[in-house]
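Asker: Sharing a structure here in structure tokens format.
The values are calculated or read from the model by the stated rules, or taken from the named source; none is laboratory data. Because the structure is a prediction, the values reported are computed rather than measured. Note that each Cβ is placed from the backbone with ideal geometry, even for glycine, and that neighbours are counted across all protein chains shown.
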Amino acid sequence: MTRASISLGFIVDIHDNPVTTTWLEESVNRYDLVAVGGDIGDLSLLYKVVDFAVDKPVFIVLGNHDHPAREVFASKNVLHGTSTKFGGYTIGGLGGSLPVQGGPLELDETEYFVLSKNLGPVDVLISHQPPINTKTDLSYDSSTETGTRNFGSVAIRKYIEDTQPLVALVGHVHESPGIDMIGKTVVVNPGPFMTGNYAEIKLLNREKPTVELRSTEIRGAR
Ligand SMILES: [Zn+2]
């Protein structure tokens, strides 16, 4: 049975924000489901977040900066080309990013094609790397005529076009917070939690989810 309505809190690009665990503790009481979209930070915070998620409706994907430790992937709350069920919804995750700075978890387009094919259709996609050509993946690139470029993935866009999740929760491109549509899929980049940004999503059965971009009062050190 799919519940009529589920509330969801989403953070991404945490980059060692010291208020992360406080936000998580508050958010598991406030929301039915919490999604963490990667670039969590150093290993100690990564382990803290993964440990916190055990037996809670908190689902995590790793970012390109997160160390892909084996014991982290062993957690059933960490999704990477895998999915889980919650309240009748299927939640799936794609970790890492396209190659940027030689981070510990980088995948090329071919690897994203394979990973997303293996994932199969989901209702909620959590993907650190955004799809290409939306309001959520635009950043600066001095080598282009416009000075900007879309940094998203072709493979992830194709996956979203083909399978149409209700919502795709993305990040990675800090400069491009926003909400956009790919067909019926709402694509959400809340902007980095490093500076307190997060998103609130309401899943309304199979209808278009509502999304609000918010900023927390509990600020990080940066
Ligand atoms: Zn980041």
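Asker: Can you tell me which residue within the range 1-23, out of those that are assigned to a strand (DSSP E or B) and of a type in the set (Val, Ile, Thr), is modelled with the highest pLDDT? Break it down into steps so the answer makes sense when it comes.
Answerer: Of the range 1-23, the ones assigned to a strand (DSSP E or B) are 5-11.
From what is left, the residues that are of a type in the set (Val, Ile, Thr) are 6, 11.
On the way: Ile6: 94, Ile11: 98.
It comes out as Ile11.
Asker: Show the residue pairs meeting these rules: Cβ distance below 9 Å; 6+ apart or different chains; first residue within the range 42-65 and of a type outside the set (A, V, I, L, M, F, W, C); second residue within 16 Å of the ligand (Cβ to nearest atom) and not in a loop (DSSP other than H, G, I, E, B).
Answerer: Correct list of pairs: Lys48/Thr20; Gly63/Ser97; Asn64/Ser97; Asn64/Glu106; His65/Ser97.
Conditions (1) closer than 22 Å to Leu213 by Cα; (2) more than 18 Å from the chain's Cα centre (by Cα); (3) among the hydroxyl-bearing types (Ser, Thr, Tyr); (4) buried (at least 20 other Cβ atoms within 10 Å of the Cβ), marked per residue:
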{"site": "Val61", "(1), (2), (3), (4)": "yes, no, no, yes"}
{"site": "Ala69", "(1), (2), (3), (4)": "no, yes, no, no"}
{"site": "Leu94", "(1), (2), (3), (4)": "yes, no, no, yes"}
{"site": "Pro99", "(1), (2), (3), (4)": "no, no, no, no"}
{"site": "Glu106", "(1), (2), (3), (4)": "no, no, no, no"}
{"site": "Tyr112", "(1), (2), (3), (4)": "no, no, yes, yes"}
{"site": "Pro121", "(1), (2), (3), (4)": "no, no, no, no"}
{"site": "His128", "(1), (2), (3), (4)": "yes, no, no, yes"}
{"site": "Asp137", "(1), (2), (3), (4)": "yes, no, no, yes"}
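Asker: Taking the range 1-23 as the search range and keeping residues that are away from the ligand (no atom under 16 Å from the Cβ) and aliphatic (A, V, I, L, M), which one is surrounded by the fewest Cβ atoms within 10 Å (Cβ to Cβ)?
Answerer: Met1
Asker: Also, quick follow-up: Could you list, in sequence order, the residues of the range 139-160 that are surrounded by fewer than 20 Cβ atoms within 10 Å (Cβ to Cβ) and in contact (Cβ under 8 Å) with a residue 24 or more places away in the chain?
Answerer: If the condition is that a residue be surrounded by fewer than 20 Cβ atoms within 10 Å (Cβ to Cβ) and in contact (Cβ under 8 Å) with a residue 24 or more places away in the chain, then Ser139, Tyr140, Val154, Lys158 are the ones that fit.
Asker: Would you pick out the residues in the range 161-182 that are surrounded by fewer than 24 Cβ atoms within 10 Å (Cβ to Cβ) and either on the phi > 0 side of the Ramachandran plot or small (Gly, Ala, Ser) (or both)?
Answerer: Gln164, Ser176, Gly178, listed by residue number.
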